[in-house]
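The values are calculated or read from the model by the stated rules, or taken from the named source; none is laboratory data. Since we're looking at a predicted model, the values are computed, not measured. We place every Cβ from the backbone using ideal geometry, glycine too, and count neighbours over all the protein chains shown. With ligands, DNA and RNA removed, areas are computed over all heavy atoms of the protein, side chains included. Shrake-Rupley method; radii C 1.70, N 1.55, O 1.52, S 1.80 Å.
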Amino acid sequence: MLFIKDILAEIEKIAPLALQEDYDNSGLMVGDVNQEVKGALLCLDITEEILKEAILKKYNLIISHHPIIFKGLKCLDPSTRIGKIIIDAVKHNVVLYAAHTNLDNAHLGVSYYLAQRLGLIQPVVLDPAKEGLRKLVTFCPVDFAEKVRSALFEAGAGHIGNYDSCSYNIDGTGTFRALGNSHPFVGQKGEIHYEAETRIEVIYPAYIEKSVIKSLKTAHPYEEVAFDIYNLQNENSFVGCGVVAELTQSTEASDFLNHVKNVLGLAAIKYSAKKRGKIKKVALCGGSGGFLINNAICSNADIYITGDLKYHDFTDYSHQIILADIGHFESEQFVREQIREILIKKFPTFAVSISESEESSVCFL
Ligand SMILES: [Zn+2]
């Protein structure tokens, strides 16, 4: 039997909630996750129509990109849009869940997926996460170093950019004296023991710390496992906002913009035409990405594609980089397919569909 919590755990494996921005409210919004899942409907925003669609399909889970409860709610009033949706969801036992900035910031997140759909190659994070990396240093008998290292790697430690299994190792001598109630793995009680040990260093994102420590303690032979944890100041190039990627060959700006228009099915693109020339490097960010314009310029991208740009963004920056506003909804439209792919991969027979009733609230004449 498959439970709603199993479905959500699979999403959080790719997009851990710890990756969400401080202002966000990703995760469970409404409902009991300890029930059998009958099906999941995917959307960007939960509306009354989408809730009706889920009820009609007999699904009891809606996964949206934007959280329906974003700011604090002080009352649930059915005369308000959000109040009505939440009350109806509870009445019909439909669980509401959002994967928002945790999916934006995830490795292979929203912007990676968009870059992939646009045929871009060699994607890297545009604005890497500034904190959240830690280092674990542990000491184990030389003969157990391989086992302990493997366990740490298996738990997700030692991942740097496009490399995994990264560690630093040096051999030395550890000392200890086993006291009264101990059960020493080596050495005699009451005597100082000298053991040939390997010092192993690995980094990991803080949100996997529990499983890293658990794996360490399971693989390590000692009764008392010695380890140190350090907070690092390094950026985590693996996760963060936006992406910079490349076209397979330099392309005229107008040709590339037409390509974007076709792939995303856009009615129009707002763009700046002051800076001209061919495009090879592309920065992009799904959603409202105005806050990353400077990052895009610093990355030496030829164009920055996002949604919700302001008039003054165009006037202030259009001499430095081509800016293209493709629309908020349009830039995030593939999120639904992305979540669908994550779920289908793990649960091939699970009923998960993209909403048929969802469309952008913004129209073009
Ligand atoms: Zn958005």
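At q = 0.09, 0.16 Å⁻¹ the log10 of I(q)/I(0) for segment 172-289 amounts to -0.56, -0.93, computed by Debye summation with a single uniform scatterer per C-alpha, solvent ignored.
Rounded to the nearest 5, what is the percent of antiparallel bridges among the DSSP beta bridges in the chain? Roughly 70 percent of the DSSP beta bridges within the chain come out antiparallel. Overall, the accessible surface of segment 52-125 at a probe of 1.4 angstrom is composed of carbon and sulfur to the extent of 61 percent. Each other residue within a Cβ distance under 10 Å of I4 adds +1 if Lys or Arg and -1 if Asp or Glu, for a net charge of -1. Were the residues from D32 through N181 laid out at 0.36 nm apart, the gain over their Cα-Cα distance would be 49.1 nm.
Cα-based values for the chain, radius of gyration first and Dmax second, are 24.8, 85 Å.
When the accessible area of segment 182-251 is split by element with a 1.4 Å probe, what percent falls to carbon and sulfur? Numbers along the way, then the final one.
Numbers: 1910 of 3950 Å².
Solvent-exposed carbon and sulfur of segment 182-251 make up 48 percent of the total.
Looking only at segment 292-320, which residues have a backbone nitrogen under 15 Å from a spot 7 Å from the Cα of S250 in the C-beta direction? Hits in segment 292-320 for S250 at 15 Å: 301-303. Place a point 7 Å from Cα of A18 in the direction of its Cβ. Which residues in segment 220-245 have their backbone N less than 19 Å from it? Taking a point 7 Å out along Cα→Cβ of A18, the residues of segment 220-245 whose backbone N falls under 19 Å are 227-241. Each residue, Q116 and N93, gets one label point 7 Å from its Cα in the Cβ direction; the gap between the two is 3.5 nm. Only sites in a loop by DSSP and with at most 15 other Cβ atoms within 10 Å count here; which trypsin sites (Lys or Arg not before Pro) in segment 165-271 make the cut? In loop regions of segment 165-271 (DSSP not H, G, I, E or B), there are no sparsely surrounded trypsin sites (Lys or Arg not before Pro). Residues whose amide H lies under 5 Å from that of L44, counting only those 5 or more places away or on a different chain, are H65; hydrogens are built 1.01 Å from N in the peptide plane.
In the full protein context, segment 252-357 carries 48 Å² of accessible surface per residue, based on a 1.4 Å probe and ignoring ligands, DNA and RNA.
Quick check for segment 23-88: number of Lys pairs with alpha-carbon distance under 16 Å, counting only pairs 8 or more apart or on different chains? Write down the numbers at each step before the final one.
On the way: K38/K52; K38/K57; K38/K58; K52/K84; K74/K84.
Counting lysine pairs in segment 23-88 gives 5.
Measuring between their Cα centroids, segment 119-150 and segment 181-248 lie 10 Å from each other. In a DSSP loop and with at most 15 other Cβ atoms within 10 Å, the trypsin sites (Lys or Arg not before Pro) in segment 299-365 are K310. Close Lys pairs in segment 98-232 (alpha-carbon distance under 25 Å; sequence gap of 8 or more, or different chains): 9. Using the beta-carbon distance between K217 and L365 and R0 = 45 Å, what value does 1/(1 + (r/R0)^6) give for FRET efficiency, to the nearest 0.05? Efficiency computed from Cβ-Cβ geometry: 0.10. Here the Karplus relation 6.51 cos²θ - 1.76 cosθ + 1.60, evaluated at θ = phi - 60°, turns the backbone of segment 104-118 into coupling constants of 4, 8, 5, 5, 6, x, 4, 6, 4, 5, 5, 4, 5, 5, 8 Hz, with x for every Gly and Pro. Projected label points at C166 and K57, each 7 Å from Cα along the beta carbon direction, are separated by 4.0 nanometres. Can you give the translational diffusion coefficient of segment 77-173 in µm²/s, computed by Stokes-Einstein from the Kirkwood radius over Cα pairs at 10 °C and 1.306 mPa s? The estimated diffusion coefficient comes to 87 µm²/s.
Which of the trypsin sites (Lys or Arg not before Pro) found in segment 67-153 are loop residues per DSSP with 14 or fewer other Cβ atoms within 10 Å of their Cβ? Don't skip to the end; give the middle numbers.
Numbers: sites: K71, K74, R81, K84, K91, R117, K130, R134, K135, K147, R149; in loops: K71, K74, K130.
Answer by residue number: K71, K74, K130.
First measure r as the distance between the Cβ atoms of V225 and I192, then evaluate 1/(1 + (r/R0)^6) with R0 = 22 Å and state the FRET efficiency to the nearest 0.05.
Numbers: r = 19 Å, r/R0 = 0.86.
That pair, V225 with I192, gives E of 0.70.
Positive-end ranking of V260, T218, L133 along the dipole of the chain, with charges on Cβ about the Cα centre, is headed by V260.
Among DSSP beta bridges lying fully in segment 1-124, give the percent that are antiparallel, nearest 5. Write out the running numbers ahead of the final one.
On the way: 4 of 12 bridges.
Here the antiparallel bridges make up roughly 35 percent for segment 1-124.
If I histogram all Cα-Cα distances within segment 138-241 using bins 5 Å wide from 0, what percent of pairs lands in each bin? Pair shares across the bins are 2, 12, 21, 22, 16, 12, 7, 4, 2, 1, 0.
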